[in-house]
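Readers should treat all values here as calculations from the given coordinates under stated rules, not as data from a laboratory. This structure is a prediction, so every number in the text was calculated from the model and none was measured.
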Amino acid sequence: MTFSIHGLAVSRGVAIGRAVLVASSRADVAHYFIETEKAEEEIKRVRASRNAVMEEIVRLQHDLPKDAPHEIAALLDVHLMLLQDEQLTNGVKHWITERHYNAEWALTTQYELIARQFDDMEDEYLRERKADLEQVVERILRHMKGVASPVQAAVRAGSSRKQSQQDLLLDDTMDVPLVLVAHDISPADMLQFKQSLFAGFATDVGGKTSHTAIVARSMDIPAVVGARSASQLIKQDDWVIIDGDAGVLIVDPSPIILAEYGFQQRQGELERERLNRLKHTPAVTMDGQRVELLANIEMPDDTLGAVKAGAVGVGLFRTEFLFMGRSGKLPDEDEQYLAYRKAIEGMHGLPVTIRTVDIGSDKLLDRPVGKAQDRHLNPALGLRAIRWSLADPPMFLAQLRAILRAAAHGPVNLLVPMLTHASEIRQTMALIDHARVLLDNQGIAYGPVRLGAMIEIPAAALTLKLFLRNFDFLSIGTNDLIQYTLAIDRADESVAHLYDPCHPAVLRLIADTISECQRQGKGVTVCGEMAGDVTMTRLLLGLGLRSFSMHPSQILAVKQQILRADAGKLALWAATVLASEEPAALLQNP
Ligand code: PEP
Ligand code: MG
């Protein structure tokens with residue numbers, strides 16, 4: 001039966017596909033497609049692990065002390081029975097041979113299906129066997145983990161499918177689009193999925209500017225977050241429509257709804273083709289104001305998309321993504337240098353703004369390193385970004401040295417996140433100087449950098465003179481500026497309705513930052529999600545902004561707004577919006 005689930009729209013477009021459910025406890029299970037001839041190998045892999053787990057249990061039974069409670073022996077019997085259950089083994093085989101799922105994926109898929117049947121059982125005793133099934137499946141998965149690396153496998157996920165589609169003759173099941181449904185996906189895991197071929201994403205939790213949503217947006221595929229109980233209501237393999245424009249999921253759609261969304265999907269594709277024609281058109285308003293459109297990237301390879309979309313540089317390289325998902329082993333100076341150099345070379349002489357690492361809050365390392373990241377306190381207000389860097393000077397120095405060295409290969413702006421205090425600015429400057437002295441002493445080549453500060457804490461926006469005295473340019477991080485001005489956790493869907501980019505206080509801080517920079521002749525960019533939101537383009541232009549940094553996928557739509565805008569007229573209108581108590585109401589009619 002068709003039903004819909006409402007969430008938050010984070011990435012535009014429509015995806016129609018079969019649901020791949022990733023339960024949070026099994027979120028790190030690899031999901032990738034195998035080549036047809038590898039099916040037997042995969043089946044053997046599950047079988048071997050299942051047999052090993054059975055042997056473990058038999059051993060446990062054998063070693064049970066004579067006075068052990070009778071329930072324990074009975075439980076082990078149940079586990080043995082479940083391990084031999086035909087529905088489990090045959091189901092796993094089915095997913096591997098028919099759908100080309102890798103072994104772990106096949107096992108968790110079949111688990112979800114059987115678990116649902118347990119849920120529907122009248123008999124309480126049988127219903128409770130679901131927990132036993134979960135335990136045996138987890139045991140098999142743990143055993144398999146020793147055999148294959150699931151994280152690496154996840155990276156291979158999409159590329160293996162892509163390759164399979166190109167190189168092999170496959171049956172129809174390979175062509176079914178898949179959409180990923182999960183309770184939550186960490187930003188690092190999301191990045192891993194970037195190379196896969198999922199047609200869309202939906203998660204139960206998350207806000208519009210949570211980092212998971214940001215990475216989903218960078219993938220330019222439809223996504224909905226904050227869809228509360230989606231991962232419980234949607235079943236493995238259900239047909240799901242992800243409407244990334246409206247923030248709605250439609251489960252098990254009727255043929256009429258499918259036809260309607262199929263039409264919408266094609267319209268979206270046509271619109272994209274139309275926008276593509278703007279790629280080489282300079283971003284100039286109708287009254288001749290030139291606007292700089294820059295790209296936000298997470299990985300060096302993202303420069304390909306940036307260049308393709310016609311970005312005139314990188315306005316924000318979120319380097320923390322190089323640090324995440326590495327089991328706590330941080331990239332050393334050389335590895336970072338190569339990554340930054342790759343991004344610089346990828347931009348072919350256009351400037352690259354490299355932001356120093358912004359770990360913390362919702363961007364956690366998968367394992368704490370150095371000063372512990374505390375998940376239990378208040379991470380958005382804790383040891384995050386520059387605070388984390390200054391707490392570990394050797395780590396920070398390695399990053400600064402890597403950026404300075406990479407700057408020998410092209411124009412680089414070095415951007416520092418979350419600065420608030422004069423003392424933090426002093427310490428940062430001292431470390432940058434120190435990095436240069438060390439490189440000089442060692443005779444290692446490095447290049448010049450322009451220094452910039454993120455304005456993303458209200459305290460910084462209210463003490464602009466301090467920042468402008470010390471930095472060559474500023475970059476407004478509206479995602480955090482809104483979060484900290486309004487005291488709304490940007491990743492918490494329960495307060496997402498209060499996360500308001502148009503709140504008069506937020507607009508005032510943005511407007512003052514832009515005008516003070518203009519007065520002092522310093523560059524200012526907006527690099528938060530607001531820069532890529534076409535509903536905000538005219539207002540930002542009216543407030544005097546001439547430099548926008550956003551995901552490459554948003555550049556052409558924003559350019560279209562710019563080409564249709566009269567910046568002079570918008571300035572007058574923006575002044576009235578700024579003076580209003582409810583600016584959002586005026587946004588539609590400049
Ligand atoms: C911001 O806060 O607006 C920003 C660009 O940084 P991030 O989203 O990485 O916190
Ligand atoms: Mg920020």
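In terms of its C-alpha gyration tensor, segment 405-536 has a prolate overall shape, because the principal axis ratio a/c (a ≥ b ≥ c, square roots of the eigenvalues) is not below 1.5 and a/b outweighs b/c.
If you take the Cα atoms of the chain, find Rg, then find the Kirkwood Rh from the mean of 1/r over all pairs, what is Rg/Rh? Present the calculation step by step, with values, prior to reporting the outcome.
Details: Rg = 26.1 Å, Rh = 25.9 Å.
Dividing the radius of gyration by the Kirkwood radius yields 1.01.
With a ≥ b ≥ c the root eigenvalues of the C-alpha gyration tensor of segment 1-127, is it rounded (a/c under 1.5), prolate (a/b larger than b/c) or oblate? Walk me through the numbers before you get to the answer.
Working: a/c = 2.55, a/b = 1.55, b/c = 1.65.
Oblate is the answer for segment 1-127, as a/c is 1.5 or above yet b/c matches or exceeds a/b.
Annotation: amide H of MET536 has no partner in the under-5 Å range at sequence separation 5 or more or interchain, hydrogens built in the peptide plane. The alpha carbon centroids of segment 94-127 and segment 262-282 are separated by 40 Å. For segment 52-99, the Cα gyration tensor yields ellipsoid semi-axes of 30, 10, 5 Å (square root of five times each eigenvalue, largest first, whole Å). In segment 501-590, the ratio of gyration radius to Kirkwood radius, Rg to Rh, stands at 0.93 when only Cα atoms are counted. Estimated from helices alone, the mean residue ellipticity of the chain at 222 nm is -15000 deg cm²/dmol (sum of -39500 (n - 2.57) over DSSP H runs with n ≥ 4, per residue).
Whole number please: convex hull volume per residue, Cα atoms of segment 481-551, in Å³.
Values: hull volume 6.4 nm³, N = 71.
Per residue, the Cα convex hull of segment 481-551 comes to 90 Å³.
What percentages make up the Cα-Cα pair-distance distribution of segment 421-460 when the bins are 5 Å wide from 0? With a bin width of 5 Å, the distribution comes to 6, 18, 24, 21, 14, 10, 6, 3, 0.
Please go through the residue pairs LYS145/LYS235; LYS38/LYS279; LYS145/LYS308; LYS342/LYS569; LYS329/LYS465; LYS44/LYS235 and name each one whose alpha carbons sit more than 32 Å apart in this structure. Don't skip to the answer; put the middle values down first.
Values: LYS145/LYS235 25 Å; LYS38/LYS279 42 Å; LYS145/LYS308 39 Å; LYS342/LYS569 42 Å; LYS329/LYS465 39 Å; LYS44/LYS235 27 Å.
Pairs exceeding the cut-off: LYS38/LYS279; LYS145/LYS308; LYS342/LYS569; LYS329/LYS465.
Take every pair of alpha-carbon atoms less than 8 Å apart whose residues are at least six positions apart; their mean separation over the length of the chain yields a relative contact order of 15 percent.
Of the beta bridges in the chain, as assigned by DSSP with both residues counted there, near 35 percent are antiparallel.
Its Cα gyration tensor gives segment 268-345 an equivalent ellipsoid. The semi-axes, each the square root of 5 times an eigenvalue, are 32, 15, 10 Å from largest down.
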